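Novice: What follows is a structure written as structure tokens; I'll ask about it next.
We did not get these values from a lab; they are worked out from the coordinates using the rules stated. Predicted, not measured: the structure shown is a model, and the values here were computed from it. Neighbour counts run over all protein chains shown; Cβ positions are idealised from the backbone, glycine included.
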Amino acid sequence: MNALIHAQHISKAYGLKSVLNDVSVILNPGERIGLVGANGAGKSTLLKIIAGEVPPDDGNVRVDPIVTLGYLPQVIVGYEDSTVRELLADADRDLRLLETRLRTLETDMTQSTGVHLESILAEYGELTEQFERRGGYDLEQRIAAVVRGLRIDHLPPDRLFGTLSGGERARLGLALLLLSAPDALLLDEPTNHLDSSSLNWLESYLAGFQGGMLVVSHDREFLNRTITIIVEIDEQTRSMKRYNGDYDTYAASKLREREQQQREYEAQQEEIAGLRLAVAETARSNRNYRSHTDSDKFVRNFKIAQHDTTVSKRVKSAEERLKRLEANKLPPPPIPLRFDPALNPEALRARLPIMATGIHKCYDGRMILDAVNLTIYPESRIALVGPNGAGKSTLLKILGCVDI
């Protein structure tokens, strides 16, 4: 099989803001590419362009005609009025239709001869390869594994998608994508809202996935476990650079690059300062130049002219070099983002920031929180953990006085 996806010279702007600038990426069968970059660098936009949801301003995307794409956006919308049963039934519809077509062709084989039989055999061979490649022969086992692995087997079949929690939506959306058995996965922050159990299962599942993957994620450990190539979209130039290896390998390469950029920037700044000083001092010393005391007027004038010419050449050469450097100044390396989580408990001394007692919350008769008590002290540093749907986000909304 040729490249699954071939995106060439993609550029995209929204108004005057350039999001992607001449970006190209090729996804081959079996490749696992992690797409990284600062927030707003265009990662999600590139996935949307490849998925056909957003048109590029320039460039084009080619997808092999027999390749199926599976795209997981950050926010899953459009299914609010569909039930869990309906969504799961629809997820593997293409494979079911493919299986039905194979059974029809098998019947036709027994009733055909000659050229017609050859045509049927050719189509049957092509569809069989596609059915096998997409996991059609172990479909039932895969459905059970995905539903169980992503921990959505407890969801009532008649439950509406719009009533699910954020974590349940994320896991169901991911399950629907995996059950469609695409040849290439386009995943935009697939670990959002996944609890540790679901995340571990997803990493294991992707390790055995035979197709290609293009993944946007800020979870470096997830990238380390699932990705073999890192592609970065530069925040400043909006262009793309490829690094072989996992995220840690990429991070080490970026550190070496930044150190080299810092050395080159400092060397250029030092040279610019030196040239400016040389030009100024040379001009000043020329003004203070004492003419030669030779009594021969001709010799004296000749030496003065020779000195002026030498100084003029020296100054001109320095000015030209300075002009070239200032026209092509190296930008200072970006300062690495740092987060200082330190708080001053003294500012909150002698009072309790939050105290919650006997918190209850139900959705449609379903108990989400039951008699929850919580006290947050000035020195508290609390991590709220639990499986998806346990009520973590709901509790935070209650504590934050958000209307729910």
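Novice: Among His193, Ala181, Val146, whose Cα lies farthest out toward the positive end of the dipole of the chain, if unit charges sit on the beta carbon of Lys, Arg (+1) and Asp, Glu (-1)?
Specialist: Result: His193.
Novice: How high is the relative contact order of the chain, given as a whole-number percent (alpha carbon pairs under 8 Å, six or more residues apart)?
Specialist: 17 percent
Novice: Can I ask one more? What are the residues whose amide H is under 5 Å from the amide H of Ala38, where those residues sit 5 or more places off or on another chain and H is modelled from the backbone?
Specialist: Here the answer is Glu235, since their amide H atoms fall under 5 Å of that of Ala38.
Novice: On to the next question. Which pairs in the list Lys12/Lys48; Lys43/Lys241; Lys43/Lys254; Lys17/Lys48; Lys17/Lys254; Lys17/Lys241 are over 23 Å apart, alpha-carbon to alpha-carbon?
Specialist: Flagged as over cut-off: Lys17/Lys254.
Novice: Hey, another quick one. Among Val23, Ala91, Tyr71, whose Cα projects farthest towards the positive end of the dipole of region 5-253, with charges put on the beta-carbon of Lys, Arg (+1) and Asp, Glu (-1)?
Specialist: Value: Val23.
Novice: Per-residue ellipticity at 222 nm for the chain, helices alone: DSSP H runs ≥ 4 residues times -39500 (n - 2.57), over residue total, nearest 500 deg cm²/dmol?
Specialist: Per the formula, -14500 deg cm²/dmol.
Novice: Okay, next question. Take every DSSP beta bridge whose two residues both sit in region 5-253, then give the antiparallel share in percent to the nearest 5.
Specialist: The antiparallel fraction comes to roughly 50 percent.
Novice: Then there's this: At what distance in angstrom do the alpha carbon centres of region 33-85 and region 154-226 lie from each other?
Specialist: 15 Å
Novice: Can you tell me how the chain classifies by the Cα gyration tensor, rounded, prolate or oblate, using a/c under 1.5 as the rounded cut?
Specialist: Taking the square roots of the gyration eigenvalues as a ≥ b ≥ c, the chain is oblate.
Novice: A further question follows. Where nothing but the Cβ of Lys and Arg (+1) and of Asp and Glu (-1) is charged, how large is the charge dipole of region 345-399 around its Cα centre, in debye to the nearest 20?
Specialist: 80 debye
Novice: Nothing charged except the Cβ atoms of Lys and Arg (+1) and of Asp and Glu (-1): what's the magnitude of the dipole of the chain about its Cα centre? Round to the nearest 20 debye.
Specialist: 2440 debye
Novice: Quick one: what are the phi-derived ³J(HN,Hα) couplings along region 108-122, Karplus 6.51/-1.76/1.60 with θ = phi - 60°, whole Hz, x for glycine and proline?
Specialist: Computed from phi, the couplings for region 108-122 are 5, 4, 6, 10, 10, 9, x, 4, 4, 5, 4, 5, 5, 4, 5 Hz.
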